[in-house]
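Participant: Let me begin by handing over the structure; questions about it come next.
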Amino acid sequence: MIAYLKGRVVAKNPESAVIEAGGVGYEVFFCEPSLESLGGEGAQAEAFIAESISMYGGTALYGFLTREEKQLFDMFRDAVPNTGAKKALDYLGKAVKSLPDFTRAVAAKDPKPLTAIFGFTAKTAEKLIAALKDKLPSSGLGGGAAGAFGAPSGSYTQAMSALTGLGFRAADARAALEESAAEAGPAATPEIIIRLALRRLAPK
């Protein structure tokens, strides 16, 4: 079973990227925000991987930039009724606007943020709450850099996208964000963390 890939992006498609690792190209499906944050062709990429066997016998690989993304994907796929891998990835694409806010809303059994901020339908919001309310911590998944981006407008994924859009490798951007979040402390705003990350990424 493949759990992690690190290599060069050799092609990008609307829903997937081909990552070359050890001389082999792996097609990996990502949610839209994560695919945008991955970097363009030629960029170095790292991804946590989940495998899914289709009803026709083939195996598809699904990629995640953080362990928290993969953890939530697994919960969507395994705990939410009638949710396969593709639908779980669609749910994840909405939730990564702000993982801390998403998990807090589910744990609080509050559907309003799920519909107003994340774009879920009312029916889906209720289904997610019913399936996940006892599985998610009220403080949100994970910590580090991702936990520091509480507001959807300054989310961790958007910060990653901004940094990779400037040409930085996803792995370097992730490390810079995590180090900057630790330095700035829990009261720091996303803007401060991004500014510190840019200083770390600037050429010496």
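Participant: Starting from the coordinates of the alpha-carbon atoms of segment 69-132, obtain the Kirkwood hydrodynamic radius over all distinct pairs and give the value in Å to one decimal.
Facilitator: 11.3
Participant: Okay, moving on. For the chain, list log₁₀ I(q)/I(0) at each q in 0.08, 0.09, 0.15 Å⁻¹, using the Debye formula over Cα point scatterers of equal strength and ignoring solvent, two decimals each.
Facilitator: So the normalised log intensities are -0.26, -0.34, -0.93.
Participant: Using r as the Cβ-Cβ distance of LYS112 and LYS87, and R0 as 35 Å, what FRET efficiency do you calculate, to the nearest 0.05?
Facilitator: Working from the Cβ atoms, E equals 0.95.
Participant: Hey, another quick one. Compute the length gained on full extension between ALA60 and GLU183: take 0.36 nm times their separation in residues and subtract their Cα-Cα distance, giving the result in nm to one decimal.
Facilitator: 40.4 nm
Participant: Something else about it: Under 15 Å from the 7 Å Cα→Cβ point of LYS6, by amide nitrogen: which residues of segment 170-192?
Facilitator: Zone members listed by number: 170-176.
Participant: As a check on your grasp of the helix formula, calculate [θ] at 222 nm for the chain: sum -39500 (n - 2.57) over DSSP H runs of n ≥ 4, divide by the residue count, round to the nearest 500.
Facilitator: -14000 deg cm²/dmol
Participant: Under a Cβ-Cβ cut-off of 14 Å, what is the net charge of the residues other than ASN13 that fall near it, where Lys and Arg count +1 and Asp and Glu count -1?
Facilitator: That works out to -4.
Participant: At 0.36 nm per residue, minus the direct Cα-Cα distance, what do THR121 and ARG200 gain on full extension? Give it in nm, one decimal, please.
Facilitator: 24.4 nm
Participant: With each label point set 7 Å from Cα along the Cα-Cβ vector, what nm distance links GLU20 and ARG67?
Facilitator: Using points 7 Å along Cα→Cβ, the separation is 3.1 nm.
Participant: Under the Kirkwood approximation applied to all pairs of distinct alpha-carbon atoms, what is the hydrodynamic radius of segment 4-64 in Å?
Facilitator: 11.5
Values in this text are rule-based calculations from the coordinates and carry no lab data. Quick caveat: nothing in here was measured; it's all calculated off a predicted structure. Backbone-built Cβ (ideal geometry, glycine too); neighbour counts: all protein chains shown.
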